[in-house]
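Undergrad: Below you'll find the structure I mean.
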Amino acid sequence: MSIEITFQPSGIVGLVAEGISIADAAHRMGVTIPGGCKGEGCTTCQVLIVTGGELLSSATATEIEFFGSEALVRYQRLACQARLERSGQIVVHINPEAKESTESRDAGDMRKEFGDLPLDQKIKTLVQLEALTMYEALNAVIDKPLAMGEKVFDKVFKTGKTGSKQKR
């Protein structure tokens, strides 16, 4: 079975298989987890589970030691330790403690950072942006006809009711 995972604040959504860690899911989807996590209980890959915490494995000893039971109740987890064990939908906020956001940086800074990337990283970033754009466009294309169909159905259904009342 698969799990639909959404990473915030980027909004990247994808399907992953059961049994992998949040860090592995993020890596496969091109989401960067700040802190240089190596997947060994490093405590730098803190995430906040917004919804779907029941899909995760039980807290590991490393997580209990690092967070304590209070934070675990609030669904703070380590991405390298928390495994996706059940099918469903989960929303994960990456690095809730981080103060810097892309909104606080100006376009010049982002251009410089992009310019400094190696070519393969630039291509990877552009492909990821294109995939997100196509995903959003496809959703818009699917939603428009459904909305139109719903309006037509409502109109026909309402007319059908009024027509049968008038005949009586």
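The values are calculated or read from the model by the stated rules, or taken from the named source; none is laboratory data. As the structure is a computational prediction, the values presented were derived from the model and not from experiment. Ideal geometry is used to build each Cβ from the backbone, glycine not excepted, and the neighbour counts take in all protein chains shown.
Undergrad: Looking at (1) crowded, with 17+ Cβ neighbours inside 10 Å; (2) at pLDDT 85 or above, can you tell me which one Asn95 breaks?
TA: All conditions pass for Asn95, except number (2).
Undergrad: Another one. Suppose we filter the stretch 1-20 for residues that are at pLDDT below 90 and hydroxyl-bearing (Ser, Thr, Tyr); how many remain?
TA: Summing the residues that are at pLDDT below 90 and hydroxyl-bearing (Ser, Thr, Tyr) in the stretch 1-20 gives 2.
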